[in-house]
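A.B. asks: Below you'll find the structure I mean.
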Amino acid sequence: MSNQQQTVALVNQIAGQGPIHILVNNAGVSHIGTVETTSEADFDRIFRINIKGVYNCLYATIPHLKANGGGVVLNMASIAATLGIPDRFAYSMSKGAVLTMTLSVAKDYLKENIRCNCISPARVHTPFVDGFIAKTYPGREAEMFEKLSKTQPIGRMAEPEEIGALALYLCSDEAGFITGCDYPIDGGFTRLNN
């Protein structure tokens, strides 16, 4: 997704098989580090995938949505877009950009009947989380999984299917009055952590 020419070609190929009505920008990578421990290469990688990838998909898909009389764009942001999360400098930067791109697209394409929203999950139990724990805390995986789970007031990490259910709703006709919104799905992390 970080190569615009390839992204446009892929989207055009998909559009050749039938009209596009929904774009979900879900590709992304994480990074652990402060501004001092984030190398330029890591920063560029996060920018290329998490920001430029979203831009390229929007750039390639919006004309098709307009041509089809409208549609839905859903971007995956993160609670890191609006909260200070330790050791997430580049990742937070990228997700902040995703949030503001969401608002811009929602505003710019109201008259084209294109809705644009984003979801901001807290920690979700994914292979990345398991890999991070195994790499960072070898021999203490179960203990650290429990500790990280408890950082959410609800007492656990989200399951990917829970994020998917919200995504499905926001892309459905039932959510037809929703645009320009950011949905934290965070087990209470944003509002209930003291």
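A.B. asks: Where in the stretch 84-192 are the helices (runs of 4 or more DSSP H), entirely inside, with at least 2 residues that are at pLDDT 95 or above and buried (at least 18 other Cβ atoms within 10 Å of the Cβ)?
C.D. replies: Because the criterion is at least 2 residues that are at pLDDT 95 or above and buried (at least 18 other Cβ atoms within 10 Å of the Cβ), the helices (runs of 4 or more DSSP H) in the stretch 84-192 that meet it are 89-108, 160-170.
A.B. asks: Among the numbered conditions (1) out of contact with any Lys or Arg (no Cβ under 7 Å at 6 or more places or on another chain); (2) closer than 15 Å to T100 by Cβ, tell me where A77 comes up short.
C.D. replies: With (1) out of contact with any Lys or Arg (no Cβ under 7 Å at 6 or more places or on another chain); (2) closer than 15 Å to T100 by Cβ applied to A77, the lone miss is (1).
A.B. asks: Taking the stated definitions as given, is A80 within 23 Å of Y169 (Cβ to Cβ) and in contact (Cβ under 8 Å) with a residue 60 or more places away in the chain?
C.D. replies: No.
A.B. asks: Would you mind stating whether G53 is part of a loop (DSSP other than H, G, I, E, B), among the small types (G, A, S) and out of contact with any helix residue (DSSP H, G or I) (no Cβ under 7 Å at 6 or more places or on another chain)?
C.D. replies: So G53 does not fit the description; no.
A.B. asks: Now for a separate question. With the requirement that a residue be in contact (Cβ under 8 Å) with a residue 12 or more places away in the chain, farther than 30 Å from G155 by Cβ and charged (D, E, K, R), what does the stretch 97-130 give you?
C.D. replies: Of everything in the stretch 97-130, those that are in contact (Cβ under 8 Å) with a residue 12 or more places away in the chain, farther than 30 Å from G155 by Cβ and charged (D, E, K, R) turn out to be K107, E112, R115.
A.B. asks: Return only the number of the condition from (1) at pLDDT 95 or above; (2) small (G, A, S); (3) in a loop (DSSP other than H, G, I, E, B) that A41 does not satisfy.
C.D. replies: Every condition holds for A41 apart from (3).
The values are calculated or read from the model by the stated rules, or taken from the named source; none is laboratory data. Remember, predicted model here, so these are calculated numbers, not experimental data. Cβ sites come from the backbone with ideal geometry, for glycine too, and all protein chains shown count toward neighbours.
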